[in-house]
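What follows is one structure encoded as structure tokens, with my remarks underneath.
None of the figures in this text is laboratory data; all of them are computed from the coordinates on show. All values reported here derive from a predicted model rather than from experimental measurement. Backbone-built Cβ (ideal geometry, glycine too); neighbour counts: all protein chains shown.
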Amino acid sequence: MSKTRIGAASALVAAAALTLTACGSGDPSATGEDAGPAAATAGIPTTDVVSAVRENRAAAALLPADVRKQGTLTMATAVGGTPPGTTYLPDGRTVVGQDIDFAGAVAKTLGLKVRREAASFETILPALDSGKYDLGVGNFGVTDERRKVIDFVTYINDGQGFAVRKDSKLGKVTDLTQLCGLNVATGAGTTFEATLEKERKLCGAAGKKDYKVQTYADPAAIWISLQQGRSDVVMSTINGLRFAVNQQQGLKFLNEFHRLDVGFAFRKGTALAPAFRAAVNQLIKNGTYARILKKWGTVPSGIKESKISPPELT
């Protein structure tokens, strides 16, 4: 790839990733409510779909008494990805994303405020068990392995998929042995990394060269590695991949690989789950849920009913 093409690719990635260098900062006192104007910045929708949500007394009554009295929860947010995942607008302070809208709408339904703290994706689930956060959001897929130590309340269905450069000869991936001998880029601490590491032995068993798993904490680095040819394929969220390839030249979404329910994450045994499930179901019932999906272009990922820690989809 020429230097000119690399520079153009980097610029496109920077636009899609939206100031990811600000990922370590953020406004910890933010409530999670999105009150921006109906507009779009660098392809990111900012239409307000949350502020009109009103408290639902039946759902709020399911909260533990101490939580109702306190009125505030601390939420860890994995910031720094391509939409519909959570990201910063170009001002470096305003956090937006599908998770932010769902969390804000649920909080308003329960009559709560959310104290939002930015955290790296791979640190959130372990920190829940320590009590550092009350809940976490970051497009966390519900897997049987995670359900052993974490409780989830589902709010959308997403999953695993692949993207490549348009000049790639790789076709639809239905078996990970199709990746043998390739460099696969993905996010650190994700279900994608776990899946790739678990199944890498299949290449050797098939008499093929292992694929190499390249993990990145910064999502922008994933796309740069693909554009520059240091990676051959990206494994990430289905919805995130579709958005990212639409924002960058020379890339294409390959296919869905494995669907997963996605949920708010809590420490095991949380008393918050019934209230959060009721709140999500109320949002589905009153139409707010559909408006959030439409805003982020994820209507096919909608669910009919929220559940608490359902078995992993097969």
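Each Cα pair of region 160-258 feeds into the Kirkwood radius, which the Stokes-Einstein equation turns, at 20 °C and 1.002 mPa s, into a diffusion coefficient of 162 µm²/s. Give me the base-10 log of I(q)/I(0) for region 192-314 at each q in 0.16, 0.17, 0.19 Å⁻¹, Debye formula, one uniform scatterer per Cα, rounded to two decimals. Result of the Debye calculation: -1.02, -1.09, -1.19. Summarising the strand pairing of the chain, around 60 percent of its internal DSSP beta bridges are antiparallel. With R₀ fixed at 25 Å, the C-beta to C-beta distance from R93 to E55 puts the FRET efficiency at about 0.35.
Full extension of the segment from Q228 to A194, taken as 0.36 nm per residue of separation minus the current Cα-Cα distance, would add 9.8 nm. So what does log10 I(q)/I(0) come out to for the chain at q = 0.10 Å⁻¹, using the Debye formula with one equal point on every Cα and no solvent? Calculated log10 I(q)/I(0) at the listed q: -0.54. Our estimate of slack between K304 and D144, defined as 0.36 nm per intervening residue step minus the Cα-Cα distance, is 55.5 nm.
Past the 29 Å Cα-Cα mark, which pairs from K172/K285; K201/K294; K108/K304; K169/K201; K172/K209? Violating the 29 Å limit, Cα to Cα: K172/K285; K201/K294. Scanning residues 5 or more positions from A188 or on other chains, those with amide H under 5 Å from its amide H are Y216, A217, with H placed 1.01 Å from N in the peptide plane. For region 201-240, taking Cα atoms only, Rg and Dmax work out to 12.4, 34 Å respectively. Can you pick out the pairs among K113/K307; K148/K307; K113/K268 whose Cα atoms lie more than 18 Å from each other? Listed pairs above 18 Å: K113/K307; K113/K268. Extending 7 Å from Cα along the Cβ direction at L170 and again at H258 yields two label points whose distance is 1.6 nm.
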